[in-house]
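Novice: Questions regarding the structure given below will be posed in turn.
The values are calculated or read from the model by the stated rules, or taken from the named source; none is laboratory data. Nothing here was measured: the structure is a model prediction, and the numbers come from that model. Glycine gets a Cβ as well: all are built from the backbone with ideal geometry, and neighbour counts include every protein chain shown.
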């Protein structure tokens, strides 16, 4: 393959060889492919987590839950009692945020309420530092 023995010319000088010997190139490429395959880490389809061992301690007490209902007309209810103004809501949220063990604040909007009323309650809660905040009753919005 890489050697040209005979020539068709009658002169005594050998012809220059025009073929490229690709055997060493192929050998080098095979070695590089094998090295690449060996060095690639094994891909696992799992996530390794360091989970705590043993059973967690039981909760010492039940969390205090505050329910804020936002009615269809924008009326806000704090644990079933009507909040007369936004300032009164701010005072109640500030008191809840100031407690060392904050209560869980569950916001439950009515299906017919405009989003701006719910957004105001959520923004006010976040601004005042309420950290345990959640939406309740989202299954009513599923079509």
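Novice: Taking only segment 95-120 into account, find how many residues are touching a helix residue (DSSP H, G or I) at 6+ places or on another chain (Cβ under 7 Å) and in a strand (DSSP E or B).
Specialist: 3
Novice: Being surrounded by 10 or more Cβ atoms within 10 Å (Cβ to Cβ), modelled with pLDDT of 80 or more and either touching a strand residue (DSSP E or B) at 6+ places or on another chain (Cβ under 7 Å) or in a loop (DSSP other than H, G, I, E, B) (or both) narrows it down to one of 92, 61, so name that one.
Specialist: Selected residue: 92, the only one of 92, 61 that is surrounded by 10 or more Cβ atoms within 10 Å (Cβ to Cβ), modelled with pLDDT of 80 or more and either touching a strand residue (DSSP E or B) at 6+ places or on another chain (Cβ under 7 Å) or in a loop (DSSP other than H, G, I, E, B) (or both).
Novice: Picking from 100, 109, 84, which residue would you name as being modelled with pLDDT under 90 and at negative phi?
Specialist: 100
Novice: Condition check: in a helix (DSSP H, G or I) and at pLDDT 85 or above. Does residue 77 satisfy that?
Specialist: Numbers: in a helix (DSSP H, G or I): no; at pLDDT 85 or above: yes.
In short, no.
Novice: Another question, then. Mind listing just one residue for me: the one in segment 122-136 that is under 15 Å from residue 77 (Cα atoms) and touching a strand residue (DSSP E or B) at 6+ places or on another chain (Cβ under 6 Å) and, of those, surrounded by the most Cβ atoms within 10 Å (Cβ to Cβ)?
Specialist: The selected residue is 125.
Novice: Just the residues that are under 13 Å from residue 70 (Cβ atoms) and surrounded by 16 or more Cβ atoms within 10 Å (Cβ to Cβ), please, taken from segment 96-119.
Specialist: 105, 106, 107, 108, 109, 110, 113, 117, 118
Novice: Here is a further query. Among the residues of segment 127-143, write down those that are without any contact (Cβ under 8 Å) to a residue 24 or more places away in the chain and outside any loop (DSSP other than H, G, I, E, B). Talk me through it step by step, then tell me what you get.
Specialist: Narrowing segment 127-143 to residues without any contact (Cβ under 8 Å) to a residue 24 or more places away in the chain: 127, 138-139, 142-143.
Passing the criteria: 127, 138, 139.
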